[in-house]
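Have a look at the structure below, then the notes.
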Amino acid sequence: MAYLDIQHVVRRFGGLVAVDDITVGIEQGEIFGLIGPNGSGKTTLFNCINNYYPPNSGEIIFKGIPITHKPTHDVCRLGIGRTFQVVKPLRRMTVLENVMTGAFLRTSNVTKATDKALEALDFCELIHRKDMLAKDLPIADKKRMEIARSLAGDPELILLDETAAGLNPREIERAMELVKKIRDKGITCFVVEHVMKFIMGISDRMMCINFGREIARGSPKEIASHPEVIKAYLGEEYAKGKQY
């Protein structure tokens, strides 16, 4: 059994099937990438994993423990952290205070939560921003702050949703370095992304979905060359000039 084992998961919204019979296993210690067109079900699959939107059918198992029907906070306590497509910081709190909210998952002690938050900020190279109001951060640092907040809760698996969106080329390079550092720290990474340079450059394995269904799975090189992926998502122009 895989570290995260997703078995025949389906999620419907009325007559719309957003996730349609997805089965995939993610191994401990890998970076697994998920790509697909807008509306293909990527974020909905993340929401099924942490039970924000419970699956209509199927099973999700983490570390051998069924989590399909567990409340979101229990899934988090088991060791699954995440970030979101749209960063929504606690705007009137400092960066440090924002990250401390993640640390309070494991402790009610303010001193311990502060220390854990500072450690996460240092890891994410954001310690120099700790006293700034979160609302004043540039987008790249808001995304790093959100990652730090998740890391402060000591996850064993982290779901990263569009970490590179809106970043310039240098910021994308730094974001790639950060995700690799997270994996080197022993945390498994499941990544959704549209920026191909980013996800092709960090993933050990990848899957592409469209209309909620898997259309291809394999290495970044295999995915970038797959005819169905090119047709449904990447396009011929990307395929001609692809770099991975």
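Taken together, the values in this text are just the output of simple stated rules run on the coordinates, not laboratory data. This one's a predicted model, so the numbers in the text were calculated from it and none came from an experiment. So basically every Cβ, Gly included, is an ideal-geometry build from the backbone, and we count neighbours across all protein chains shown.
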Ordering 187-197, 98-108 by per-residue average of other C-beta atoms within 10 angstrom, highest first, gives 187-197, 98-108
Partner aspartates and glutamates whose C-alpha sits under 17 Å from that of residue 231, ignoring same-chain residues fewer than 8 away, are 214, 222
Computed from the beta carbon distance with a Förster radius of 22 Å, FRET efficiency for residue 115 and residue 185 to the nearest 0.05 stands at 0.80
Computed for the chain: size of charge dipole around the Cα centre, +1 on C-beta of each Lys and Arg, -1 on C-beta of each Asp and Glu, debye to nearest 20, value 460
Relative contact order of the chain (C-alpha contacts under 8 Å, at least 6 apart) in percent is 24
In cubic angstrom per residue, the convex hull of the stretch 95-238 built on its Cα atoms measures 120
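Taking the Cβ of residue 112 as the center, what net charge do the other residues with Cβ under 14 Å away carry, scoring Lys and Arg +1 and Asp and Glu -1? Present the calculation step by step, with values, prior to reporting the outcome.
Working: positive: 106, 116; negative: 115, 119, 154.
Every neighbour counted, the sum reads -1.
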Taking alpha-carbon centroids only, the stretch 128-173 lies from the stretch 174-191 a number of Å equal to 12
Ranked output for segments 114-121, 21-28 by mean other Cβ atoms within 10 Å, highest leading, reads 114-121, 21-28
A chain fully extended from residue 219 to residue 30 at 0.36 nm per residue, minus the present Cα-Cα distance, gains in nm 66.8 nm
With +1 on the Cβ of every Lys and Arg and -1 on the Cβ of every Asp and Glu, the dipole magnitude of the stretch 1-99 about its Cα centre, in debye rounded to the nearest 20, is 500
The helix 110-123 Cα axis meets the longest alpha-carbon principal axis of the chain at an angle in degrees, between 0 and 90 and rounded to 10, of 50
The helix 169-184 Cα axis meets the longest alpha-carbon principal axis of the chain at an angle in degrees, between 0 and 90 and rounded to 10, of 80
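So in the chain, what percent of DSSP beta bridges are antiparallel if you round to the nearest 5?
55
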Out of 98, 148, 165 - ranked by how far each Cα lies towards the positive end of the dipole of the chain, with unit charges on the beta-carbon of charged residues - the top one is 98
Counting Lys and Arg as +1 and Asp and Glu as -1 over every other residue whose Cβ sits under 12 Å from the Cβ of residue 140, the net charge comes to +1
In the structure shown, of 112/197; 112/180; 70/221, the pairs separated by more than 32 angstrom at the C-alpha atoms are 112/197; 70/221
With only helices counted (DSSP H, runs n ≥ 4, each -39500 (n - 2.57)), the per-residue ellipticity at 222 nm for the chain, to the nearest 500, works out to -10000 deg cm²/dmol
